[in-house]
Amino acid sequence: MTNYTLRQLADYLSAEIDASNAGLVITGIAGLAAAKDDQITFLAGAAYLKHLPACKAGAVILRPADAEHYSGVKLLVENPYLAYARLSKLFDVSGDTIQRSVHASAVVASDAQIGANVSVGANAVIDSKAVIADDAIIGAGCYIGADVLIGARTRIAANASIYHGVVIGDDSLLHSNCVIGADGFGFAPDGEGGWCKIHQLGGVTIGNRVEIGASTTIDRGALDDTVICDGVKIDDQVHIAHNCRIGENSAIAANCGLAGSTIIGRNCTLAGAVGIVGHLEVTDNVHITGMTMVTKSITVPGSYSSGSSAIDTREWRKNAVRFNQLNDIASRVKALESDRNK
């Protein structure tokens, strides 16, 4: 574990600090209520001010506007949450035990290309003509299919499956059990009550600095590739169907489902359990709240919602009955207005 002085942390964050405390050694980060005297913490917002008087941290990251609320050691920045995010990289130990070698139990095709300083974990399989760039990490039990290209410093966590022909850029992170490049759900009625499979001939292209959560599935394209652009962040248990395109720096929370050929613009956010009907387009800078069902394209930036929040079941049942009556009520209102205007 690496320790840092407050001066080192302040310089890293370009933060203001009281010089008399610059030599204090910090061993880690913790929450405001749990932090110890050798740890640093942060104030995320005004709702947490009540925890400051009892805080035992070695130092607290605060906005200058909140400095008056805390008498202890502090680092002053304009965005404490962003500062915390940046510091988390310094104290992350998840890669400390990774051996930069190919494990004896791994199976690597003779024509695969493995770059310098690459780690391939136990029981991983790297298929024919796959290319693994320098400093990449392939976790234990991973399957890397034929003709896959994995960029420099990208990490594929244990038991992920990367089907043939997938391209993944640099500095990306794919978590355990994600599946990239499975067949999209494509079937044509055969006229006899059955289905004819549409073989999925495209691939998946994933950009740089992309993070994909555990057990998320991204299907390959039917003809053209499914595309995940640079900087996209995808949570656990998300399904992205064939031929979708996710624009730069968009973020998708858990349990979302995107049907085929959905296009999401740049800098969009989809909160948990959002569903999007296929062949729709969502423009840049759109924010969709949790459990929203999107049934038509969104062409204007902004925030969009659907559905209703939880209420008492008896009230919900009454409202559900009324919802089914809305069309009849609307017709009656229209008739009344028509009569009034005669």
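Normalised per residue, the accessible area of the stretch 118-270 is 39 Å², obtained with a 1.4 Å probe and no contribution from ligands, DNA or RNA. Given the choices (1) 48; (2) 45; (3) 62, percent of Cα pairs over 27 Å apart derived from the coordinates of this structure is entry (3). Taking all protein chains in place and a 1.4 Å probe, what share, in percent, of the accessible surface of the stretch 174-246 do carbon and sulfur account for? Looking at the stretch 174-246 in its full context, I get 53 percent from C and S.
Name the residue farthest towards the positive end of the dipole of the chain from the options Ser71, Gly186, Ser176, assuming +1 on Cβ of Lys and Arg, -1 on Cβ of Asp and Glu, about the Cα centre. Of Ser71, Gly186, Ser176, it is Ser71.
Once every DSSP H run of n ≥ 4 in the chain is given -39500 (n - 2.57) and the sum is divided by its residues, what mean residue ellipticity at 222 nm do you get, rounded to the nearest 500 deg cm²/dmol?
-4500 deg cm²/dmol
Of the solvent-accessible surface of the stretch 20-173, computed with a 1.4 Å probe over protein heavy atoms with every protein chain present, carbon and sulfur atoms account for 52 percent.
Mean-square fluctuations from a GNM of the chain, with a 10 angstrom spring cutoff on Cα atoms, peak among Ile29, Ile228, Ile206 at Ile29.
Only bridges with both residues in the chain count here: give the DSSP antiparallel percent, nearest 5.
Percent antiparallel among DSSP bridges in the chain is about 10.
Taking Asp225, Asp66 and ordering them by how much accessible surface each has at a 1.4 Å probe, largest first, produces Asp225, Asp66.
Arg317 contributes about 150 Å² of solvent-accessible surface, heavy atoms of the protein only, 1.4 Å probe.
Taken over the stretch 147-296, the percentage of Cα pairs per 10 Å bin, counting from 0 up to the bin with the maximum distance, is 13, 44, 32, 9, 1, 0. Could you tell me which of rounded, prolate or oblate describes the stretch 130-207, using a ≥ b ≥ c as the square roots of the eigenvalues of the alpha-carbon gyration tensor, with rounded for a/c under 1.5 and, failing that, prolate when a/b is larger than b/c and oblate otherwise? Note, shape of the stretch 130-207 comes out prolate. Charging the Cβ of each Asp and Glu at -1 and of each Lys and Arg at +1, and nothing else, the dipole of the stretch 279-336 about its Cα centre rounds to 400 debye. Counting lysine pairs in the chain that sit 8 or more residues apart in sequence, or on different chains, and whose Cα atoms lie under 21 Å apart gives 9.
The values are calculated or read from the model by the stated rules, or taken from the named source; none is laboratory data. Everything quoted here is computed from the prediction, not taken from an experiment. Quick reminder, even Gly has a Cβ in these numbers, built from the backbone with ideal geometry, and neighbours come from all protein chains shown. What goes into the accessible areas is simple: the full protein's heavy atoms, side chains included, and nothing from ligands, DNA or RNA. Shrake-Rupley method; radii C 1.70, N 1.55, O 1.52, S 1.80 Å.
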